[in-house]
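Contents: one structure, followed by commentary.
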Amino acid sequence: MWPRTFPERLQAWAALREHCATADTQSALTAIDAWWQKTPWCPYHLHWDDRLTWPDPWQLLDDNLYCSLARALGIMYTIAMIDREDLQDAVLFEAEGDNLVQVASGKYILNWSGTTPLNINPSTKNLRRQISQQEILQQIQ
């Protein structure tokens with residue numbers, strides 16, 4: 001169940017990051033993806049054209065509005081903030097209408113069809129836009 005209040009969401013997100021900091025790679029990514037898939041759905045909250053004004057992770061949790069891009073952004077923020085050596089190459093990208101997060105050189109794809117499609121590589125033809133983990137870190141520092 002998704003936490004109802006902002007303080008509850010902050011506490012749950014901190015617990016998620018703490019758990020994922022020491023879990024094996026696949027378990028950590030599965031937990032991150034599953035946590036963000038529980039968010040309340042809102043079609044069209046964020047847009048790639050507004051990238052410079054995207055919310056930071058705390059504002060994202062406070063807004064509590066999650067379209068596909070907002071969920072993917074939350075996944076990226078979580079991966080960036082746990083700062084694991086094996087998760088340093090995450091990329092958020094838009095391809096064929098999906099907003100996906102790729103980790104470990106494409107070995108793991110998150111935020112795909114509301115499931116946990118780890119080790120499945122969707123077609124990335126028609127790749128439209130992307131943002132790296134390093135760019136995400138700059139937004140939250």
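Each reported figure results from applying straightforward, stated rules to the coordinates on display, with no laboratory input. Given the structure is predicted, the values throughout are model-derived calculations rather than measurements. Every residue, glycine as well, gets a Cβ built from its backbone with ideal geometry; the counts of neighbours run over all protein chains shown.
Overview of values
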{"quantity": "With eigenvalues of the C-alpha gyration tensor scaled by 5 and rooted, segment 6-140, Å", "calculated": "19, 18, 14"}
{"quantity": "Order of 108, 77 under a 10 Å beta carbon neighbour criterion, fewest first", "calculated": "108, 77"}
{"quantity": "Protection proxy ranking of 28-38, 48-58 - average other beta-carbon atoms within 10 Å, highest first", "calculated": "28-38, 48-58"}
{"quantity": "Kyte-Doolittle mean at least -0.5 and Cα axial length at least 20 Å: DSSP H helices in the chain", "calculated": "6-22, 68-82"}
{"quantity": "Simple spin-label estimate for residue 62 and residue 1 in nanometres, 7 Å along Cα-Cβ", "calculated": "2.6 nm"}
{"quantity": "Order of 89, 83 under a 10 Å beta carbon neighbour criterion, fewest first", "calculated": "83, 89"}
{"quantity": "Neighbour-count ranking [beta-carbon atoms within 10 angstrom, fewest first] of 71, 128", "calculated": "128, 71"}
